[in-house]
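The block underneath contains the structure these notes are about, expressed in structure tokens.
The values are calculated or read from the model by the stated rules, or taken from the named source; none is laboratory data. Since the model is a prediction, treat every value here as computed from it, not as a measurement. For neighbour counting, all protein chains shown are included, and Cβ atoms are generated from backbone atoms with ideal geometry for every residue, glycine included.
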Amino acid sequence: MRREGIGVLMKIVLRQDVPKLGEAGTIHEVANGYARNYLIPQGMAILATPGEVKVAEHNLAVKERRVARQEAQLQALADRIDGQRLGFTVRAGEQGRLYGSITAADIAADLGKLVGEEIDRRKVVLEDPIRTVGEHAVVVHLVGRLRPKVTIVVAGELEDGTPVTLAPAAAAAGPADDDAATTAAVDGAGGGSMSERDERGRTPGAAGHPEPGSQHDDSKTETVDDGPDVPIVDGVPGADGEVEGVGGVAGETVMEGKAAEITLGS
């Protein structure tokens, strides 16, 4: 055993294939707890003593020579398999979901007929059966580095024999679509056409004021209407006379002398 970081590693020899770890007969270093609490008690591995390591290395060398011979023998078959397209027509729903599935055994049987040689279903690398229409890439692991690929083309048909035709997926709305939708919403709400809006997208209101809810621009201040001239006496507007308010819902304002009297209109 040796330490790596704060953990303790143990060297083991696998007695059988272990997913995501290795094949039977290979030597590995794993966490001490993983080996003692799981792999060894389950019979998946043994402690890599010097004697076991020597045997494992000898067996690996023999296996490599055997695999090399098999690769040479199966190279022609791999060439015939690679790039093949297998078609299946299966009963399916309108959404393209199959009433059943296409398995590794189905693929191996049809592929064997196509290339004229029996294919072991265990060589077809398929994590889960195929359950949807469309094209699916599948690997056939013959031996060693020989991994030809085939394409499985699945066509669906409804119960009445009508082919299943899937509509193209709706494209996600992009920025341009969002802008168009926003423009349409503004126009529909009486916001005016694009030519009536300024470069910031605002719609000017009366006397150049932006519509309620639009962003206020403080970069420019402009007076569009002057109010009535009011004489100023002793710093007080309208102190020497009468000033009548112009417009407004409150009515009119009357100032006499230095006092102001507010008269509300009806």
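Would you please list the contacts, defined by Cβ atoms under 7 Å and residues six or more apart or on different chains, that run from a residue in segment 112-130 that is assigned by TED's automatic domain parsing to the domain that holds residue 143 and under 21 Å from residue 89 (Cα atoms) to a residue that is among the hydroxyl-bearing types (Ser, Thr, Tyr) and surrounded by fewer than 18 Cβ atoms within 10 Å (Cβ to Cβ)? Pairs found: 129/101; 129/103; 130/101. Kindly indicate whether residue 73 is among the polar types (S, T, N, Q), at pLDDT below 95 and over 19 Å from residue 138 (Cβ atoms). Here the answer is no, as residue 73 does not meet what is asked.
One line per residue, one yes/no per condition, for (1) surrounded by 14 or more Cβ atoms within 10 Å (Cβ to Cβ); (2) touching a helix residue (DSSP H, G or I) at 6+ places or on another chain (Cβ under 8 Å); (3) in a helix (DSSP H, G or I):
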{"position": "64", "(1), (2), (3)": "no, no, yes"}
{"position": "68", "(1), (2), (3)": "no, no, yes"}
{"position": "76", "(1), (2), (3)": "no, no, yes"}
{"position": "79", "(1), (2), (3)": "no, no, yes"}
{"position": "83", "(1), (2), (3)": "no, no, no"}
{"position": "87", "(1), (2), (3)": "no, no, no"}
{"position": "91", "(1), (2), (3)": "no, no, no"}
{"position": "98", "(1), (2), (3)": "yes, no, no"}
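Kindly indicate whether residue 90 is within 25 Å of residue 164 (Cα to Cα) and at pLDDT below 95.
Values: within 25 Å of residue 164 (Cα to Cα): yes; at pLDDT below 95: yes.
Spelling it out, residue 90 is indeed within 25 Å of residue 164 (Cα to Cα) and at pLDDT below 95.
Taking the stated definitions as given, is residue 92 without any contact (Cβ under 8 Å) to a residue 12 or more places away in the chain and of a type in the set (Gly, Ala, Ser)?
Working: without any contact (Cβ under 8 Å) to a residue 12 or more places away in the chain: no; of a type in the set (Gly, Ala, Ser): yes.
So residue 92 does not fit the description; no.
Right, residue 103: polar (S, T, N, Q) and either in the same structural domain as residue 152 (by TED's automatic domain parsing) or touching a helix residue (DSSP H, G or I) at 6+ places or on another chain (Cβ under 9 Å) (or both) or not? Please lay out each step first, then the result.
Numbers: polar (S, T, N, Q): yes; either in the same structural domain as residue 152 (by TED's automatic domain parsing) or touching a helix residue (DSSP H, G or I) at 6+ places or on another chain (Cβ under 9 Å) (or both): yes.
For residue 103, the condition - polar (S, T, N, Q) and either in the same structural domain as residue 152 (by TED's automatic domain parsing) or touching a helix residue (DSSP H, G or I) at 6+ places or on another chain (Cβ under 9 Å) (or both) - is met.
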